[in-house]
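Down below is the structure, laid out as structure tokens.
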Amino acid sequence: MPLQFVYSRKDFVTDVHRSSENGLEMAQPPVEFDTTIQTGWTSRMDKGLFRYHLGDLQTRILPGQHGYVAQLNIQRGKERRKPQEILSIQQEFNAKQFNFNKINPEEIIFEMIKDCEGGNENGQLHEPCQMVVLVNVSPLEFGHCLFVPDPSHCFPQVLTRFAIQAGIESVLLSSDPGFRVGFNSLGAFASVNHLHLHGYYLNHELTIESMPVKLLVPEKGFYRMLDFPGGFLFYTESEQVEKVARAICRVTDFLVNGNVAHNLFFTRGCPPCDRIQKEEDHRSRRGVRIAVWPRISCFGAKEESAFNVALCELAGHLPFKNKKDYDDTTEKDVKDIIHRYLLSDAEFDTLEQQLTRNFMDF
């Protein structure tokens, strides 16, 4: 039987900050969530359960205002499982294809179970749902794991409120500001049509952690990011997780119903602001920023030679597939590649108006 990790709101870590030196995180006291993932992940690497051994990745910060974090990960490009054929954002689960009920049980690190302490903020009990955490056998970075809600239910790769809330809570359970969670929808480079989120550690600061934003709907904490690549942003600290998860799910449901592909990225970040912040607020990581990028759908499209544009690339983390592109690619090259997958300004503005009205009517 897999290890069980039981947690409650009392386990959320609120005192997290970024160092002002080199963008690397300040030393934080280790917490059970991080040690459970890291020791479980490392032991499975040592057992040879991965498709390749992941050592320290060659890394460089691309010159320019965006501070893109480039990493060379040739083996992932060559040895990862071939992505499934995706034809629709609302494609049904197919039990004949690879799914997470077919993995080696030793790949499971633990099951996450939330102690609801008698109910949620509305006094209602949560619906029971199991979250299984397993290693990604083709890792992007250290600790790369998958969060799979109740695998036996065979949910397709469409976000649910439970999955969104668990993603936010996973970031809050970590004392490491470098722990990230993300999601690729179908048509946005999801490779398996079985509901899952990615989690991994990246020991470098990303600009999305402090990017300025414009407030769109104050009651829902709904923002528009003001820098490239354009997207929407939510922010929550430990007290408002369920409320924000509901608001995010309203956006992702709208996108799915409109057949708009999307990527999400959950990371520690400073409170949203439309101007330069005080240093203390700028370095604070007590809350979680959740970026939502609507984008052009890719069905059977040819992959980019340098990197695919998915959750981590949109957030500024670039795993390169080959040495030449890793060495030669500039910030302008990166922006040109990413731009090909973004909605046009007119399409994005229309979507913003639709979502804003949608929230106002809610």
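The values are calculated or read from the model by the stated rules, or taken from the named source; none is laboratory data. Because the structure is predicted, anything quoted here is derived from the model rather than measured. Quick reminder, even Gly has a Cβ in these numbers, built from the backbone with ideal geometry, and neighbours come from all protein chains shown. Each accessible area value is taken on the protein alone, full model and side chains, heavy atoms only, with ligands, DNA and RNA left out. Shrake-Rupley method; radii C 1.70, N 1.55, O 1.52, S 1.80 Å.
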*Starting from segment 148-176, take each residue that is over 17 Å from residue 31 (Cβ atoms) and list its partners that are among the hydroxyl-bearing types (Ser, Thr, Tyr) and buried (at least 24 other Cβ atoms within 10 Å of the Cβ), counting only C-beta distances under 9 angstrom and pairs at least six apart or across chains.*
157/185; 158/185; 159/185
*Any residue in segment 342-361 that is open to solvent by less than 40 Å² (accessible area, probe 1.4 Å) and assigned to a strand (DSSP E or B)?*
yes
*How many residues does segment 197-208 contain that are crowded, with 21+ Cβ neighbours inside 10 Å and closer than 18 Å to residue 63 by Cα?*
3
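With the requirement that a residue be in contact with a Ser or Thr (Cβ under 9 Å, 6 or more places away or on another chain) and in a loop (DSSP other than H, G, I, E, B), what does segment 220-231 give you? Talk me through it step by step, then tell me what you get.
Of all residues in segment 220-231, those in contact with a Ser or Thr (Cβ under 9 Å, 6 or more places away or on another chain) come to 221-222, 227.
Once the filter is applied, which keeps residues that are in contact with a Ser or Thr (Cβ under 9 Å, 6 or more places away or on another chain) and in a loop (DSSP other than H, G, I, E, B), segment 220-231 yields 221, 227.
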*Among the residues of segment 301-337, which ones are in contact with a strand residue (DSSP E or B) (Cβ under 9 Å, 6 or more places away or on another chain) and closer than 23 Å to residue 258 by Cα?*
309, 310, 311, 314
*Scan 258, 300, 316 and give me the residue that is of a type outside the set (A, V, I, L, M, F, W, C) and surrounded by 16 or more Cβ atoms within 10 Å (Cβ to Cβ).*
316
*Would you check if there is a residue in segment 163-173 being open to solvent by 10 Å² or more (accessible area, probe 1.4 Å) and in contact with a Leu (Cβ under 7 Å, 6 or more places away or on another chain)?*
no
_Out of the strands (runs of 3 or more DSSP E) lying entirely within segment 3-86, which hold 1 or more residues that are surrounded by fewer than 19 Cβ atoms within 10 Å (Cβ to Cβ), of a type in the set (Lys, Arg) and modelled with pLDDT under 85?_
none
*asked:* Regarding segment 203-219, can at least one residue be identified that is closer than 18 Å to residue 310 by Cα, within 15 Å of the chain's Cα centre (by Cα), modelled with pLDDT of 95 or more and in a strand (DSSP E or B)?
replied: no
*Could you tell me whether any residue of segment 107-129 is open to solvent by 40 Å² or more (accessible area, probe 1.4 Å), in a loop (DSSP other than H, G, I, E, B) and at pLDDT 85 or above?*
yes
